[in-house]
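Report on one structure; see the data block that follows.
The values are calculated or read from the model by the stated rules, or taken from the named source; none is laboratory data. No experiment lies behind these values; they were computed from the predicted model shown. Every residue, glycine as well, gets a Cβ built from its backbone with ideal geometry; the counts of neighbours run over all protein chains shown. We work out accessible area using only protein heavy atoms, side chains counted, and drop any ligands, DNA or RNA first. Shrake-Rupley method; radii C 1.70, N 1.55, O 1.52, S 1.80 Å.
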Amino acid sequence: MFHIYCPWCQEHREEEEFHAKGPAHLARPKDPEACSDEEWGDYLFFRDNPRGVHHELWVHAVGCRKFFNITRNTVTYEILETYKIGEQPGKNVQAEVVTLPVRQEAREAANENVKVQAGGAS
């Protein structure tokens, strides 16, 4: 078990209190009524599953029940930062960095073979 920093509660809590809800920074179609069924289906159901660093939407389900974003490495499970909805990643200097214990081989493999997805969908 590890701890996740909730930017709303401003404290570390056990991971069991949180639930991942998918990728962060998804842009909703500007005119959903004009979308084809294929475009709408792509928006609703198809997501990238990147290997490496990316941004995810999480909810503090057992605590404050608020949504926030996490920048996380999916290879090492390292959480690089947490930040509130509406904030941009990497710009919040008060974002808490949580370093998880990881195997050295996983960290080396992540550094060699991972493409980093910066930012989010616009």
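Please enumerate the residues belonging to segment 48-92 that are in a strand (DSSP E or B) and touching a residue at least 60 places away in the same chain (Cβ under 8 Å). Selection gives Val53, His54, His55, Phe68, Ile70, Ile79, Thr82, Tyr83, Lys84. In a helix (DSSP H, G or I) and either touching a residue at least 24 places away in the same chain (Cβ under 8 Å) or surrounded by 12 or more Cβ atoms within 10 Å (Cβ to Cβ) (or both) - does that describe any residue in segment 18-29? No: segment 18-29 contains no residue that is in a helix (DSSP H, G or I) and either touching a residue at least 24 places away in the same chain (Cβ under 8 Å) or surrounded by 12 or more Cβ atoms within 10 Å (Cβ to Cβ) (or both).
The residues of segment 30-75 that are open to solvent by 20 Å² or more (accessible area, probe 1.4 Å) and polar (S, T, N, Q), listed by number, are Ser36, Asn49, Thr74.
What about Glu78, is it open to solvent by less than 70 Å² (accessible area, probe 1.4 Å), modelled with pLDDT of 85 or more and among the acidic types (Asp, Glu)? In short, yes.
Per-residue answers, yes or no, for (1) within 11 Å of the chain's Cα centre (by Cα); (2) more than 20 Å from Met1 (Cα to Cα); (3) at pLDDT below 85:
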position	(1), (2), (3)
Ala20	yes, no, no
Glu38	no, yes, no
Glu87	no, yes, no
Lys91	no, yes, yes
Asn113	no, yes, yes
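Kindly provide the set of residues from segment 81-94 that are within 19 Å of Ala27 (Cβ to Cβ) and buried (at least 20 other Cβ atoms within 10 Å of the Cβ), ordered by number. Hits for segment 81-94 are Tyr83, Pro89.
Does Gly63 count as small (Gly, Ala, Ser), at pLDDT 90 or above and touching a helix residue (DSSP H, G or I) at 6+ places or on another chain (Cβ under 9 Å)?
yes
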